[in-house]
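Worksheet for the structure shown next.
Each reported figure results from applying straightforward, stated rules to the coordinates on display, with no laboratory input. What you are looking at is a predicted structure, and each value in this text was computed from that prediction instead of being measured. Cβ coordinates were reconstructed from backbone atoms using ideal geometry, including for glycine residues, and neighbour counts include every protein chain displayed.
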There are 2 protein chains.
Amino acid sequence: MEQINNIQVVPCTSSNYLKPFRVNYSQNGTKKSWDFMRTHDSVSVLIFNTSSHCFILVKQFRPAVYMCEWEKSKPQPPEDADPDSEENPESHPDPPPASSGVTYELCAGLVDKPELSLEEIARQEILEECGYDVPVTKLRKIASYRSGVGVTGSKQTMFYAEVSDENCVGEGGGRPQEGELIEVVKVPLQESMNFAYDEGIPKTMGVIFSFIWFHSNMSPKYKISTNV
Amino acid sequence: MEQINNIQVVPCTSSNYLKPFRVNYSQNGTKKSWDFMRTHDSVSVLIFNTSSHCFILVKQFRPAVYMCEWEKSKPQPPEDADPDSEENPESHPDPPPASSGVTYELCAGLVDKPELSLEEIARQEILEECGYDVPVTKLRKIASYRSGVGVTGSKQTMFYAEVSDENCVGEGGGRPQEGELIEVVKVPLQESMNFAYDEGIPKTMGVIFSFIWFHSNMSPKYKISTNV
């Protein structure tokens, strides 16, 4: 699907997105310090379409995921090479295919609008990314938890939203003007547990967790086997 | 449990742990760039003690989580203040209790020893953090997935390990010489789903996912209700 080329990696001395801070503190009298990053909390949504009995996921190219694969596939530099030195495409003659950086994820977004509730932010993301217009009253909280406990420690809240074909008012796809290139993907309920545990399909833990949550909690309603 | 004080936050211009990089690339002919961080892949382990029918978790103070709470609780600075300026304890007269930075997590560790398999790394973490000596053959893979898709994109593999009191050879607790202060916690099976969904108990998604996985996959063996 995607074509990725002209890859060039440079150290990033000043980023608008990644801003490391250091906290110095005393824990039980012992002086310590820890490097962390500030980030926003986030929401994610398991969307189930009751017309087609499909889950609605998003699929996108993730540069950070791609760079992990790029890193693993590149020829090893000599041991005395400077690991922070600039790298250029010539140093990596055979980069992995773009598909290795594409992941399946729940519809999700940052909590960066203080005037909106978590449910309202989730509702906006469902509309923008997946094209479904659902009232906030249809959102049910599944769980909240900490993500990136070593680096950001931010809180994520996961919701469940039932939609129908009648709620579909657009194509979704995110905000192309902000560089988002999101593809909406349907996963049929009957195939969902195979999808969740298929190691060949790169995905987030949120996808696996929410699918198994649905099978444990919603399956009686939709009369499916819980043989997962 | 923990006493945290003398908190001081400073911008972190050079970190041994957080090293932002920038990748410049072309996606379908359009030039883009993305800031990311390199990190190791990781493993996590759901440990179930068959003698006491308890899950074995770890509990530790996470500075990044604490700083999220600290941030939310501090008095708002005037809008024209420099957000990157150094902060000192005087600016925050009433910091949140240390307990707000403590999280419950699966036993976990980084994949930073190329000579060891994922199972061998998981086995070492079980021993170091929780004090159980289990053969790698007792480890069963639950799933693998991408974590931090926006920033690190690293891969995490989750295992399931059954242990018994006979496997317990030490107290665990991590590597205090490396600053780890880990407390081993037992969660009884019968209480585990209430624990998972209790919003008052800060935890990672891995804890919730793995508990619900156990209830879906292992509960017939342990004759418990799956009413979750």
Taking chain A as the reference, fit the longest principal axis to its C-alpha atoms, fit the long axis of helix A:63-73 to the helix C-alpha atoms, and give the angle between the two in degrees, 0 to 90, nearest 10.
-> 60
Based on the mean of other beta carbon atoms within 10 Å per residue, what is the order of B:30-39, A:43-52, most packed first?
-> A:43-52, B:30-39
Place the label 7 angstrom along Cα→C-beta at B:SER15 and in each other copy, then list the distances from the first to the rest in nm, shortest first.
-> 0.9
To the nearest whole number, what is the average tally of beta carbon atoms from other chains within 10 Å of the beta carbons of peptide B:197-210?
-> 5
Which whole number in µm²/s is D for chain A by Stokes-Einstein, with the Kirkwood Rh taken over Cα pairs at 4 °C and 1.567 mPa s?
-> 65
Closest approach to the A-B rotation axis by any Cβ of A: residue and distance in angstrom?
-> A:PHE209, 2
Can you give the charge dipole size of the range A:1-61 about its Cα centre, rounded to the nearest 20 debye, using +1 on the beta carbon of Lys and Arg and -1 on the beta carbon of Asp and Glu?
-> 340
Of A:160-171, B:94-105, ordering from highest average Cβ density within 10 Å down gives B:94-105, A:160-171
When each copy gets a label point 7 Å from Cα toward the beta-carbon at A:LYS113, what are the spacings between them in nm, shortest first?
-> 4.9
For the protein assembly as shown, rounded, prolate or oblate, judged on the Cα gyration tensor with a ≥ b ≥ c (square roots of eigenvalues), a/c < 1.5 rounded, else prolate if a/b > b/c?
-> rounded
Count, for each residue of A:135-148, the Cβ atoms from other chains sitting within 10 Å of its Cβ, then give me the mean as a whole number.
-> 4
Whichever lysines have a C-alpha closer than 18 Å to that of B:LYS113, once near sequence neighbours (fewer than 8 apart) are set aside | A:LYS72, B:LYS155
Zone of A:TYR222's modelled label, taken as backbone nitrogen in the range A:103-143 under 15 Å from a point 7 Å along Cα→Cβ | A:106-107, A:140
Contact order normalised by residue count of chain A, Cα under 8 Å, 6+ apart, percent | 25
For peptide A:98-108, the mean count of other chain Cβ atoms within 10 Å per residue Cβ is 2
Provide the per-residue ³J(HN,Hα) series for the range A:3-18, in order, calculated from phi with Karplus coefficients 6.51, -1.76, 1.60 and θ = phi - 60°, each as a whole number of Hz, with x at glycine and proline positions.
-> 10, 10, 8, 6, 6, 9, 10, 10, x, 10, 7, 8, 10, 6, 10, 10
Under 17 Å from a label point 7 Å along Cα→Cβ of B:LYS72: give me every residue in the range A:126-164 with its amide N that close.
-> A:141-159
Please sort B:186-196, B:206-216, A:110-120, B:65-75 by packing, taking for each peptide the average over its residues of neighbouring beta carbons within 10 angstrom, highest first.
-> B:206-216, B:65-75, B:186-196, A:110-120
Tell me, what does the Kirkwood hydrodynamic radius of the range A:119-182 come to in angstroms if you use every pair of distinct C-alpha atoms?
-> 13.1
Computed on alpha carbon atoms, what radius of gyration and Dmax characterise the range B:116-228, expressed in Å?
-> 15.2, 43
With each label point set 7 Å from Cα along the Cα-Cβ vector, what nm distance links A:LEU110 and A:GLN124?
-> 1.2
If you count the DSSP beta bridges with both ends in chain B, what percent of them are antiparallel, to the nearest 5?
-> 80
FRET efficiency for A:SER51 and A:THR13, using Cβ-Cβ distance with R0 set to 60 Å, rounded to 0.05 = 0.75
